[in-house]
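Below is one structure; the comments refer to it alone.
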Amino acid sequence: MQIHVYQTPELAAEAAATLIASEILAKPNAVIGLPTGSSPVETYRRLARMNRDGVVDFSKVTTFNLDEYVGLKGDHPQSYRRFMNENLFDHVNIDKENTHVPCGIGDVEANAVAYEEAIAAAGGIDLQFMGIGRNGHIGFNEPADAYTDVTGIIELTPSTIDANKRFFDSADDVPRKAISMGVGTIMRARKTLLIATGSDKAEAIRTLVKGPVSPKLPASALRMHANAVIILDAAAASLLD
Ligand code: GLP
């Protein structure tokens with residue numbers, strides 16, 4: 001696991017965008033796994049700028065998002081499909097047909113099976129980008145007694161509902177379930193990139209780097225990944241010394 005620490009969240013985003021752009025430059029038809037949340041927003045802004053400036057071309061790129069709330073249609077203001085359109089896809093020359101976000105409506109179990117099949121049909125994920133929840137979740141894989149494997153339905157924990165209620169009118173409006181890639185799906189990506197900024201994430205990062213590899217902190221699985229990069233700002237790294 002390579003850990004890079006930057007003084008500011010902006011520099012951390014610059015580094016993450018550079019790494020993703022490098023992947024696409026090296027493999028124009030790369031398959032990239034993408035997160036939502038506040039952590040990747042600055043990285044997406046920089047990727048959009050690089051695309052606008054002609055540095056990186058998204059026309060052959062395929063993406064798979066980590067997760068989506070169960071029960072929210074793609075046009076719901078808090079759906080992750082809408083988030084991705086607004087924060088990245090509408091600002092780069094990607095073919096929307098090649099952007100995949102798990103579907104949280106209809107037969108969600110069947111949607112999860114189809115999502116894994118689509119990832120396999122695309123040749124697997126070259127680079128999986130992600131954030132981390134305050135409780136160490138990746139995607140929506142919450143602390144548990146065992147790691148999840150494939151894409152499936154997850155019950156959100158009170159900690160995650162509390163963390164995400166800021167995006168909804170109230171905590172009661174936060175969906176209780178999500179569809180998420182499993183930890184196994186994430187681990188099968190050929191490379192992984194986790195970004196964390198801010199002191200809220202410092203404890204999860206300390207446990208990720210120094211604690212046991214355990215499904216109680218799902219992100220700790222990345223310690224077992226052969227090609228994992230962690231990008232932090234100084235605040236997120238503050239408990240590492
Ligand atoms: C959500 C997402 C995660 C994300 C986490 C952290 O729960 N499902 O993929 O990593 O929030 O969000 P933020 O980056 O806003 O702290």
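The values are calculated or read from the model by the stated rules, or taken from the named source; none is laboratory data. These numbers come from a predicted model, not from an experiment. In this analysis, Cβ positions are derived from the backbone assuming ideal geometry, glycine residues included, and neighbour counts consider all displayed protein chains.
Results for (1) over 24 Å from Ala237 (Cβ atoms); (2) within 12 Å of the ligand (Cβ to nearest atom), shown as yes or no for each residue.
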residue: Glu155; (1), (2): yes, no
residue: Pro158; (1), (2): yes, no
residue: Pro175; (1), (2): yes, yes
residue: Thr192; (1), (2): no, no
Response to the item:
Note on the range 113-144: residues within 16 Å of the ligand (Cβ to nearest atom), buried (at least 20 other Cβ atoms within 10 Å of the Cβ) and hydrophobic (A, V, I, L, M, F, W, C) are Ile125, Leu127, Phe129, Met130, Ile132, Ile138, Phe140
Discussion item. Take the conditions over 18 Å from Arg81 (Cα atoms) and either at pLDDT 95 or above or in contact with a Leu (Cβ under 6 Å, 6 or more places away or on another chain) (or both) and apply them to Asp107. Does it pass?
Written reply: no
Fill in: Residue, surrounded by the most Cβ atoms within 10 Å (Cβ to Cβ), within the range 25-50, restricted to residues that are within 16 Å of the ligand (Cβ to nearest atom) and assigned to a loop (DSSP other than H, G, I, E, B)
Thr36
Response to the item:
Pairs returned, first residue in the range 70-92 that is in contact (Cβ under 8 Å) with a residue 40 or more places away in the chain and part of a helix (DSSP H, G or I), second residue that is away from the ligand (no atom under 14 Å from the Cβ) and aliphatic (A, V, I, L, M), beta-carbon separation under 8 angstrom, 6 or more apart or interchain, are His91/Ala48
Worksheet item: Tell me, which residue of the range 149-176 that is surrounded by fewer than 16 Cβ atoms within 10 Å (Cβ to Cβ) and hydroxyl-bearing (Ser, Thr, Tyr) is nearest to Asp200 (Cα to Cα)?
Response: Ser159
Practice prompt. Please enumerate the residues belonging to the range 204-233 that are part of a loop (DSSP other than H, G, I, E, B), more than 26 Å from Glu42 (Cβ to Cβ) and either within 16 Å of the chain's Cα centre (by Cα) or in contact (Cβ under 8 Å) with a residue 12 or more places away in the chain (or both).
Written response: Pro215, Lys216
